[in-house]
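Here is the structure we will look at.
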Amino acid sequence: MFETLQAQPADKILALMAAYKEDPRDTKIDLGVGVYKNAAGVTPIMRAVKTAEKQLWEAETTKSYTGLAGEADFHDAMRGLVLNATVRAECVAAAATPGGTGAIRQGLELIQMASPDATIWLSAPTWPNHPSIIRYLGMKMAEYRYFDADTRGLDFNGMLTDLSSAKPGDVVLLHGCCHNPTGANLTSQQWQEVADLLLSKQLIPFVDIAYQGFGDGLEADAWGVRHLAKTQPEMLIGASCSKNFGVYRDRVGILMAVAQDAAKTALNQKTLAFLNRQNFSFPPDHGARVVTMILSDPVLKADWAAELEEVRAGMLKLRQKLSQQLRFRAKSDRFGFLAEHRGMFSRLGASPEQVEAMRKNHGIYMVGDSRMNIAGLNEASIPVLVDAVIEAGI
Ligand code: LMR
């Protein structure tokens, strides 16, 4: 049997992680995988997470299974974080999943069950695992224009034009904030125009929100997803806690299905639980419990939000410094977009050859499409990157 297996294409982001690990140079700079690092290069455990874990260790009395779709208090806490009070609780079905990727996978499987002919529309570009999972599931997909390679901003007209050609019932995958890999995001005005188009064309949004709190703040980053929840009859949301709670390896995610009434929601809830059962049975609970404890305790929540805000402000400062130094060295405004982008990533706009030259000559690791993780920078490495960018002629 095993001899029939074909080697699968390597995931570019994970392959880069491995290459970075193997590089012996101690001057190397990791701008690859989307993991937050502080100025010392460490991915810290957030204070509120440590405190909640201690409390949990004291108070937990059983490791027996949770509900099949996870626990209701986790659903409530996450619904509050992502949607606030924009939709009635009785209209939101939810299932805890292993990370945000688990939510994307379960959401796609739900679409496949409900609407097998639907095409999934993806932004060009998007997180590479989106098309990879869709292809693996054998679903139809198409791309909509999103990023303007010249301005490194949004190609909003292209986006609207392409989505206008989708057929009723198609699904549009949108990044809730902090677009991965480009860092270019919709304004609230643009979210409204997208919402109007989705409604008029009867398209169903599926929002992937993995960086809430990393862009313009916890509330501002949820503006788009909340606007859609208010205006669309149906939608799916996949949310991740990996980044904003820093609980990457604990695999904390949630899939939410927003419908118009309690009867549809009851069926959605059963379907989500069924999908969990088929794929992995019960979801992991430790991280979800910690997140629930933080979001339900005003003191822990305030401490978490404050630390998250420090992280966000730190990344913004790095963006501004990098943009400023590049503008100065290049004697041009063409790197202004770095300060405009939000979230962990920006697409620099370098060719694969230039990306390779920066890796070879300076030990700078970024994804081949020139996506860089801003959080991988610090005061000392910004000038190294600036030199490399100028040298490569970007
Ligand atoms: C990334 O885009 O680097 C992160 O979301 C990590 C991953 O799983 O790819």
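The values are calculated or read from the model by the stated rules, or taken from the named source; none is laboratory data. Quick caveat: nothing in here was measured; it's all calculated off a predicted structure. Backbone-built Cβ (ideal geometry, glycine too); neighbour counts: all protein chains shown. What goes into the accessible areas is simple: the full protein's heavy atoms, side chains included, and nothing from ligands, DNA or RNA. Shrake-Rupley method; radii C 1.70, N 1.55, O 1.52, S 1.80 Å.
For the range 233-250, the criterion of being touching a Cys at 6+ places or on another chain (Cβ under 8 Å), open to solvent by 30 Å² or more (accessible area, probe 1.4 Å) and away from the ligand (no atom under 16 Å from the Cβ) is met by no residue.
Return a yes/no flag: does the range 297-306 have any residue that is farther than 24 Å from P125 by Cα, modelled with pLDDT of 95 or more and buried (at least 19 other Cβ atoms within 10 Å of the Cβ). Taking every residue of the range 297-306 in turn, at least one turns out to be farther than 24 Å from P125 by Cα, modelled with pLDDT of 95 or more and buried (at least 19 other Cβ atoms within 10 Å of the Cβ). Taken together, the criteria exclude G138 from residues that are within 20 Å of I237 (Cα to Cα) and modelled with pLDDT of 95 or more. Per the conditions (1) open to solvent by 20 Å² or more (accessible area, probe 1.4 Å); (2) within 19 Å of the chain's Cα centre (by Cα); (3) farther than 19 Å from I237 by Cα, the sole criterion not satisfied by N129 is (3).
For G215, the conditions (1) closer than 25 Å to M159 by Cβ; (2) within 16 Å of the ligand (Cβ to nearest atom); (3) touching a Leu at 6+ places or on another chain (Cβ under 8 Å); (4) open to solvent by less than 10 Å² (accessible area, probe 1.4 Å) are fulfilled apart from (3). Taken over the range 5-53, residues that are within 16 Å of the ligand (Cβ to nearest atom) and open to solvent by 90 Å² or more (accessible area, probe 1.4 Å) amount to 5.
For the range 87-125, a residue qualifies if it is open to solvent by 40 Å² or more (accessible area, probe 1.4 Å) and either assigned to a helix (DSSP H, G or I) or within 22 Å of A220 (Cα to Cα) (or both), and the qualifying residues are R88, A89, E90, T101, R105, Q112, M113, A114. Scanning the range 326-349 for residues that are under 19 Å from I209 (Cα atoms) and among the aromatic types (F, W, Y) gives a single hit, F345. Residues that are open to solvent by 10 Å² or more (accessible area, probe 1.4 Å) and either among the β-branched types (V, I, T) or assigned to a strand (DSSP E or B) (or both) within the range 169-209 comprise H175, T187, I204, D208, listed in sequence order. Out of R105, R145, R152, one residue alone is out of contact with any His (no Cβ under 6 Å at 6 or more places or on another chain) and either within 16 Å of the ligand (Cβ to nearest atom) or farther than 23 Å from M372 by Cα (or both). It is R105. State which residue is farthest from the chain's Cα centre (by Cα) when the search covers only the range 356-369 and only residues that are within 15 Å of the ligand (Cβ to nearest atom) and buried (at least 21 other Cβ atoms within 10 Å of the Cβ). So, considering only residues that are within 15 Å of the ligand (Cβ to nearest atom) and buried (at least 21 other Cβ atoms within 10 Å of the Cβ), the one farthest from the chain's Cα centre (by Cα) is Y365.
For the criterion of being surrounded by 17 or more Cβ atoms within 10 Å (Cβ to Cβ) and either touching a helix residue (DSSP H, G or I) at 6+ places or on another chain (Cβ under 7 Å) or not β-branched (V, I, T) (or both), G376 passes. Listed by first and then second residue, the pairs linking a residue in the range 173-188 that is small (G, A, S) to a residue that is part of a loop (DSSP other than H, G, I, E, B), with Cβ atoms under 7 Å apart and 6 or more places separating them unless they lie on different chains, are G176/Q212; G183/H341; G183/R342; G183/G343; A184/R152; A184/H341. Residue-level check: of (1) within 21 Å of the chain's Cα centre (by Cα); (2) open to solvent by less than 50 Å² (accessible area, probe 1.4 Å); (3) within 20 Å of G213 (Cβ to Cβ), M293 misses just (1). Would you be able to tell me the number of residues in the range 22-58 that are part of a helix (DSSP H, G or I) and either among the polar types (S, T, N, Q) or at pLDDT below 95 (or both)? Count: 2.
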